[in-house]
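To start, the structure under review is shown below, and the notes come after it.
The values are calculated or read from the model by the stated rules, or taken from the named source; none is laboratory data. Being a predicted model, the structure only gives us computed values, none of them experimental. Neighbour counts are summed over all protein chains in view; Cβ atoms, including those assigned to glycine, are modelled from backbone coordinates with ideal geometry. Each accessible area value is taken on the protein alone, full model and side chains, heavy atoms only, with ligands, DNA and RNA left out. Shrake-Rupley method; radii C 1.70, N 1.55, O 1.52, S 1.80 Å.
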Amino acid sequence: NLIYKFLDSDFADDIGIIIWDSLAGSTPAAIANKEEVEDTTRRAARASVLSDELPRLAEKLRSGNHQATVAFVNQVRVNMNAMNAFAPQETTPGGFAFEHQASLRLSIKHRGYETKTLVDEFTLAKKTERIGQRVTFTVEKTKHGQRGRSAEALFMYQKGFDNIRILVELAIKRGNFK
């Protein structure tokens with residue numbers, strides 16, 4: 001409902017991107033209003049709502065003159081019900097609705113921290129401080145290009161992505177610098 005309100009508002013033309021973070025923290029209206037729902041409905045309420053609403057939202061974005069991009073952040077969790085080796089080991093609170101409706105689906109995973117060593121002037125003790133983290137982006141689904149491609153980037157705390165470092169590392173990888 002909230003996304004529809006933004007798209008139907010007077011300032012809809014000024015909206016470039018809508019980010020919904022996080023689906024795991026969202027509570028469906030049936031549970032928020034404490035309506036009487038069956039136990040089976042309560043268990044898969046998010047997935048059910050997404051399965052119903054994502055096709056409607058996609059049609060609204062296609063049919064209108066909207067230039068907005070809608071991005072959903074969905075967490076990956078360990079599947080506690082995976083008792084055999086053939087069951088998926090990971091699950092998402094949003095269910096499988098994104099696998100079918102998304103035009104682009106990225107998997108973003110943490111690969112490690114970027115640290116800086118500091119020396120205290122008075123005690124000369126060395127202290128390691130985290131200044132960022134490396135993340136890997138993998139294209140899991142796309143309707144616009146090649147699937148399975150991946151890239152790694154350095155995300156610096158309080159600054160964002162370090163674009164110059166990304167370009168230098170790419171140039172070194174391709175052999176442009178030595």
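Between the helical axis of 163-174 and the longest alpha-carbon principal axis of the chain there is an angle of about 70 degrees. Taking the Cα centre of the chain as reference, the dipole from Cβ charges on Lys and Arg (+1) and Asp and Glu (-1) amounts to some 980 debye. If you look at the Cα atoms of the chain, you get an Rg and a Dmax of 21.4, 66 Å. Taking the Cβ of LEU118 as the center, what net charge do the other residues with Cβ under 15 Å away carry, scoring Lys and Arg +1 and Asp and Glu -1? Summing Lys/Arg as +1 and Asp/Glu as -1 gives 0. Surface composition of the chain: carbon and sulfur make up 52 percent of the accessible area, probe 1.4 Å. When the helices of the chain are scored as -39500 (n - 2.57) per DSSP H run of n ≥ 4 and the total is divided over every residue, the value at 222 nm lands at -8000 deg cm²/dmol. Remark: the chain carries 78 Å² of accessible area per residue (probe radius 1.4 Å; ligands, DNA and RNA excluded). Close Lys pairs in the chain, defined as Cα atoms under 18 Å apart and 8 or more places apart or on different chains, number 5. Loop-located chymotrypsin sites (Phe, Trp or Tyr not before Pro) in the range 95-178 (DSSP state other than H, G, I, E, B) with a sparse environment of at most 13 neighbouring Cβ atoms within 10 Å: PHE96, PHE122, TYR157, PHE177.
For the chain, relative contact order (Cα pairs under 8 Å, six or more residues apart, normalised by length) works out to 15 percent.
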